[in-house]
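Asker: Sending over a structure as structure tokens; questions will come in a sec.
Only the coordinates and a few stated rules stand behind these numbers; no lab work does. Not measured: the values here are computed from a predicted model. Positions of Cβ are generated from backbone atoms using ideal geometry, with glycine treated the same way; all protein chains shown enter the neighbour counts.
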């Protein structure tokens with residue numbers, strides 16, 4: 001159950017710059033971060049040390065809206081990509097593409113995915129196993145498009161919800177978190 005003092009924590013997961021995503025996707029990611037912050041939630045994202053990403057773009061959007069941002073990075077040390085401008089850095093001590101995704105996703109009440117390669121797929125799978133709501137921006141390609149509206153397996157733990165706009169994705173995330181918390185009470 002969410003306590004009165006804890007904000008909802010929404011993770012934004014998406015492609016790294018080495019996947020050559022479009023500027024349109026970067027703008028979408030910034031908008032997602034903006035709406036997370038405008039709705040009073042904390043943005044959780046994968047803070048990178050060497051590349052930009054759609055997650056770090058979401059951080060920039062949240063900061064534009066005055067939001068609180070928490071970046072989970074790989075390895076040791078608190079150094080991150082200079083554009084991140086993150087409030088709190090958590091050094092996982094784990095490798096990128098390996099263990100870092102576990103504490104990143106498990107620190108979220110819900111995740112929103114934008115495009116996405118293998119790292120995003122790993123994050124979706126972790127959320128699925130942990131029954132953490134996943135909202136995929138279906139028009140952004142990658143794993144978000146492929147898995148939008150689907151279950152990962154026959155267990156049908158949670159359906160990966162679909163959204164067309166950043167604002168819709170954030171509203172769905174908030175609604176799913178509130179619904180999940182009401183069921184616990």
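Asker: Using 0.36 nm times the number of residues separating residue 179 and residue 118, minus their current alpha carbon distance, what extension gain do you get?
Answerer: 19.0 nm
Asker: Right, next: Quick one: what do you get for the range 1-89 if you divide its Cα Rg by 2.2 N^0.38 Å?
Answerer: 1.04
Asker: Going by how many other beta carbons lie within 10 Å of each one, how would you line up 157, 100, 6, fewest first?
Answerer: Neighbour counts put them in this order, fewest first: 6, 157, 100.
Asker: In units of 2.2 N^0.38 Å, what is the alpha-carbon radius of gyration of the chain?
Answerer: 0.92
Asker: Note the direction-averaged projected area, equal to a quarter of the hull surface, for the Cα convex hull of the range 135-176, in nm².
Answerer: 2.8
Asker: OK, next. In deg cm²/dmol, rounded to 500, what helix-only [θ] at 222 nm does the chain give when every DSSP H run of at least 4 residues adds -39500 (n - 2.57) and the total is split over its residues?
Answerer: -11500 deg cm²/dmol
Asker: Which of the peptides 30-37, 120-127, 55-62, 158-165 is most tightly packed, and how do the rest follow, judged by the mean count of other Cβ atoms within 10 Å per residue?
Answerer: 55-62, 30-37, 120-127, 158-165
Asker: Ok, one more. Take the Cβ-Cβ distance between residue 17 and residue 85 as r, set R0 to 25 Å, and report the resulting FRET efficiency rounded to the nearest 0.05.
Answerer: The formula returns an efficiency of 0.90 here.
Asker: Of the beta bridges DSSP finds with both residues in the chain, what % are antiparallel, to the nearest 5?
Answerer: 5
Asker: How much length is gained if the chain between residue 51 and residue 164 is pulled fully straight, taking 0.36 nm per residue apart and subtracting their Cα-Cα distance, in nm to one decimal?
Answerer: 38.0 nm
Asker: While we're looking at this one, here's another question. Counting only C-alpha contacts under 8 Å and six or more residues apart, can you give the relative contact order of the range 64-146 as a whole percent?
Answerer: Answer for the range 64-146 is 23 percent.
Asker: On to the next question. Along each principal axis of its Cα atoms, how long is the range 85-185 end to end? Whole angstroms, biggest number first, please.
Answerer: If we take the Cα atoms of the range 85-185, the spans are 35, 32, 32 Å.
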